[in-house]
């Protein structure tokens, strides 16, 4: 009977037979063990819940901290972008000012070159005027004595060598539509009054439609041929001074010169020179017009580049600071009047 009772009770853990007393004791421990496990499970669940809450809190704090740093970094980036844009604007403005300064200097240089060319190869309306011819002669021959009194010849030219006067040329200017023989007589009288070696009559219109004539020791030329003729006459006077020609020898040399000036040989050469001078002046006029056209195109191009860069930098600045519809300008507007003005033709 006891054996049966022993076999009726088994250990709840290892299932070995136990007495009733030992079974009850083992059962109590097992239950306590299960309760302990239950408490452990509950504590583990609580810990998992707390851990999840902590993780959520931590994630929230991380997101808040990330957003705070992102805002801080974005503000710093905008600040640096504004500083960079200000520096870029400053450099671009300085570059534009230097570019415009170079353009203005180039235009000034071309104006000066244009002025010199106008003197070197004068147009007909230019040297037919006494004052312009006077200024041109002073530019061509700075070592000579050239006066403009308007009496007894429009312009009186004393050719100098080593500071000494070696010859004299008198000039008359006639800007008329018809050539009159009185002009030659007036020039001859001016030559006589001034005791000049040569007399040059500069006329818009020529007798017999010739580019160059010599009549009664008066040399009649058109304005575009003045420089060539004066160079020839002046060279003749210098050569006679070097050869120390005086008195009769000088008169004979001048007579031979006038004879040559009226010869077919000189007339043909003078016609060639006249034709080439006219072509040169035509080419110069075309070149000047081309310069003006290019200046205008460059001026418009600089203005357009300024406007395009203005729009690009304004949009970039708007994108950097988050403005989806930027309307700001990187630089103040540039009016066309700020660019160097073109020289008048």
Kindly indicate which of 283, 277, 288 is under 14 Å from residue 221 (Cα atoms) and either buried (at least 16 other Cβ atoms within 10 Å of the Cβ) or modelled with pLDDT of 80 or more (or both). 277
Inter-residue pairs, beta-carbon under 9 Å, first within 19 Å of residue 308 (Cβ to Cβ) and in the stretch 81-97, second at pLDDT 80 or above and assigned to a helix (DSSP H, G or I), 6+ apart: 96/305
Conditions first: (1) touching a strand residue (DSSP E or B) at 6+ places or on another chain (Cβ under 7 Å); (2) within 21 Å of residue 158 (Cα to Cα). Residue 213 passes all but one, so which condition is the exception? (2)
Extreme residue, farthest from residue 136 (Cα to Cα), among residues of the stretch 203-218 that are in a strand (DSSP E or B) and touching a helix residue (DSSP H, G or I) at 6+ places or on another chain (Cβ under 6 Å): 215
Is there a residue being modelled with pLDDT of 85 or more, exposed (fewer than 13 other Cβ atoms within 10 Å of the Cβ) and outside any helix (DSSP H, G or I) anywhere in the stretch 130-141? no
Considering only residues of the stretch 252-265 that are part of a helix (DSSP H, G or I) and free of Cβ contacts under 8 Å to residues at least 12 places away in the same chain, which is nearest to residue 231 (Cα to Cα)? 260
Kindly establish whether residue 237 is crowded, with 16+ Cβ neighbours inside 10 Å, in contact with a strand residue (DSSP E or B) (Cβ under 6 Å, 6 or more places away or on another chain), farther than 28 Å from residue 178 by Cα and in contact (Cβ under 8 Å) with a residue 12 or more places away in the chain. yes
Among the residues of the stretch 213-228 satisfying the criterion of being under 10 Å from residue 202 (Cα atoms) and free of Cβ contacts under 8 Å to residues at least 60 places away in the same chain, which is surrounded by the fewest Cβ atoms within 10 Å (Cβ to Cβ)? 225
Does residue 189 satisfy the condition of being assigned by TED's automatic domain parsing to the domain that holds residue 156, surrounded by fewer than 21 Cβ atoms within 10 Å (Cβ to Cβ) and part of a loop (DSSP other than H, G, I, E, B)? no
In the set 214, 220, 165, the lone residue that is over 46 Å from the mean Cα position of the chain (by Cα) and either at pLDDT 90 or above or outside the structural domain of residue 137 (by TED's automatic domain parsing) (or both) is 165
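The values are calculated or read from the model by the stated rules, or taken from the named source; none is laboratory data. Since the structure is predicted, the reported quantities are computational estimates derived from the model, not experimental observations. We place every Cβ from the backbone using ideal geometry, glycine too, and count neighbours over all the protein chains shown.
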